[in-house]
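Below is one structure; the comments refer to it alone.
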């Protein structure tokens with residue numbers, strides 16, 4: 001069934017307290033999508049962010065970001081006072097997230113809310129802690145220790161703690177300050193998931209499916225890596241033998257050094273992919289469809305010697321291939337997955353994507369380089385794909401067009417059948433909606449025809465990313481009418497459809 005939706009990070013929602021959250025504005029977005037006859041809301045990873053504020057470098061692949069907790073609900077519960085929330089410093093510019101201000105204000109308030117909640121004996125809270133102990137205990141202690149050690153990476157902790165030694169962990173938990181902080185962190189996770197599942201339920205009841213997003217790798221400084229050393233390629237002292245990245249190419253002479261720890265795929269296979277099955281099952285409970293970032297890493301992954309300053313001297317290694325997804329289907333059943341298959345793809349990667357049956361991605365901003373055989377031109381699409389004007393890593397459509405070479409601008413206008421690029425975003429949206437792709441996802445900024453000021457992320461840069469927020473009042477009835485008209489015109493009225501092979 002043909003369907004469409006929008007891409008908008010939770011952090012980019014308008015809200016009263018510095019960053020988008022599961023507040024009334026999130027529910028208003030669902031109402032807007034329903035009015036516009038959209039079937040999907042795609043979000044970025046929802047994990048807790050650290051240095052650089054990237055949702056793709058999270059302290060845990062299971063935990064939720066405390067920034068997204070709706071503080072008004074805590075006020076309603078009597079755990080916080082309205083005036084103390086309002087007077088907190090959330091930053092000066094309502095159009096951009098000031099992460100430093102949000103960090104200090106949020107956690108101070110969340111600690112107050114926990115102390116005032118009296119939640120320790122709540123049955124739902126106790127059930128949550130028991131059911132999620134397999135990741136929650138490590139996460140809570142990991143973050144409590146990071147607080148104690150002033151944010152230092154666990155790679156610089158004393159060796160027993162760094163190596164997740166049981167005696168060292170028991171000793172750490174005996175410290176009152178650490179123990180109390182772990183309970184605060186469990187409370188924040190309880191509130192996050194309580195509010196998220198309520199929001200998802202509201203979306204599903206209104207015909208809106210949620211597309212989630214998970215990175216293939218976990219962060220180096222994460223509870224996942226700290227608590228599961230046997231699953232990664234490490235030396236005898238617990239340091240990585242090699243890390244992830246991409247080789248040198250046309251865009252970068254030295255490649256991309258991501259620094260993520262690499263999986264020991266043999267260890268995963270021996271366990272029947274137990275950790276991955278837990279991770280994916282958890283995601284399928286959170287989302288209706290899961291987009292997996294850097295899907296090609298399951299076929300082959302680029303291994304860079306640990307300590308190298310660039311990615312120049314890495315090499316390719318074989319990943320788990322189809323075995324992981326075969327096991328997943330056997331254990332978890334048929335699930336809806338989007339394979340992020342962007343960039344240069346070898347024949348073996350293409351075969352893996354085809355064998356899984358998962359739809360890949362098509363990005364219109366990649367289409368207009370004057371090459372007639374470009375796979376991202378809509379006349380080359382297969383139905384089993386997801387089409388985007390751009391993603392979180394691209395400029396907005398309007399900003400992208402302004403930076404195009406004149407020759408490519410001319411080609412884009414010729415392909416679109418327009419004389420000027422004055423409304424290029426609108427025309428690209430129309431082209432995406434009209435394409436044969438089963439699913440069409442449009443960044444909200446392109447519906448709003450915003451420029452580069454609304455870009456989410458510029459890859460390989462630090463600072464100024466992940467902080468754009470939509471202006472309050474942007475979701476007008478007129479915009480809903482415009483989107484609904486295109487949706488009806490191009491028969492994309494399917495709500496809550498699974499974007500998988502038909």
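The values are calculated or read from the model by the stated rules, or taken from the named source; none is laboratory data. It should be emphasised that the depicted structure is a prediction, and the values quoted were computed from it without experimental measurement. Neighbour counts run over all protein chains shown; Cβ positions are idealised from the backbone, glycine included.
Taken over segment 138-156, the residue count meeting the criterion of being surrounded by fewer than 19 Cβ atoms within 10 Å (Cβ to Cβ) and either assigned to a loop (DSSP other than H, G, I, E, B) or touching a residue at least 24 places away in the same chain (Cβ under 8 Å) (or both) is 8.
If only residues of segment 483-502 that are out of contact with any strand residue (DSSP E or B) (no Cβ under 9 Å at 6 or more places or on another chain) and modelled with pLDDT under 95 are counted, the one that is surrounded by the most Cβ atoms within 10 Å (Cβ to Cβ) is 501.
Residue 391 meets the conditions (1) in contact with a helix residue (DSSP H, G or I) (Cβ under 7 Å, 6 or more places away or on another chain); (2) under 21 Å from residue 455 (Cβ atoms); (3) in contact (Cβ under 8 Å) with a residue 24 or more places away in the chain in every case but one. The failed one is (1).
Can you confirm whether residue 80 is touching a helix residue (DSSP H, G or I) at 6+ places or on another chain (Cβ under 6 Å), in a loop (DSSP other than H, G, I, E, B), buried (at least 20 other Cβ atoms within 10 Å of the Cβ) and in contact (Cβ under 8 Å) with a residue 12 or more places away in the chain?
Details: touching a helix residue (DSSP H, G or I) at 6+ places or on another chain (Cβ under 6 Å): yes; in a loop (DSSP other than H, G, I, E, B): yes; buried (at least 20 other Cβ atoms within 10 Å of the Cβ): yes; in contact (Cβ under 8 Å) with a residue 12 or more places away in the chain: yes.
Judged against the criteria, residue 80 is a match.
Taking segment 52-77 as the range and being assigned to a helix (DSSP H, G or I) and free of Cβ contacts under 8 Å to residues at least 60 places away in the same chain as the test, the residues that pass are 67, 71, 72, 75, 76. In segment 107-137, the residue that is farthest from residue 88 (Cα to Cα) out of those that are free of Cβ contacts under 8 Å to residues at least 12 places away in the same chain and not in a helix (DSSP H, G or I) is 122.
Listed conditions (1) part of a loop (DSSP other than H, G, I, E, B); (2) over 25 Å from the mean Cα position of the chain (by Cα); (3) within 20 Å of residue 492 (Cβ to Cβ) are all met by residue 379, apart from (1).
Under the condition of being touching a helix residue (DSSP H, G or I) at 6+ places or on another chain (Cβ under 9 Å) and part of a helix (DSSP H, G or I), which residue from segment 395-407 is surrounded by the most Cβ atoms within 10 Å (Cβ to Cβ)? Ranking the qualifying residues of segment 395-407, first place goes to 397. Within segment 430-444, the set of residues being assigned to a loop (DSSP other than H, G, I, E, B) and either buried (at least 19 other Cβ atoms within 10 Å of the Cβ) or without any contact (Cβ under 8 Å) to a residue 12 or more places away in the chain (or both) comprises 435, 437, 438.
Taking segment 445-482, which residues are assigned to a helix (DSSP H, G or I) and surrounded by 22 or more Cβ atoms within 10 Å (Cβ to Cβ)? Spell out how you get there, then give the answer.
Filtering segment 445-482 down to residues assigned to a helix (DSSP H, G or I) leaves 445-447, 452-454, 477-482.
The answer is 445, 446, 447, 454.
Of all residues in segment 240-250, those being modelled with pLDDT under 95 and either buried (at least 19 other Cβ atoms within 10 Å of the Cβ) or over 24 Å from the mean Cα position of the chain (by Cα) (or both) number 5.
Got a number for residues in segment 300-317 being surrounded by fewer than 21 Cβ atoms within 10 Å (Cβ to Cβ) and either within 30 Å of residue 364 (Cβ to Cβ) or under 25 Å from the mean Cα position of the chain (by Cα) (or both)?
3
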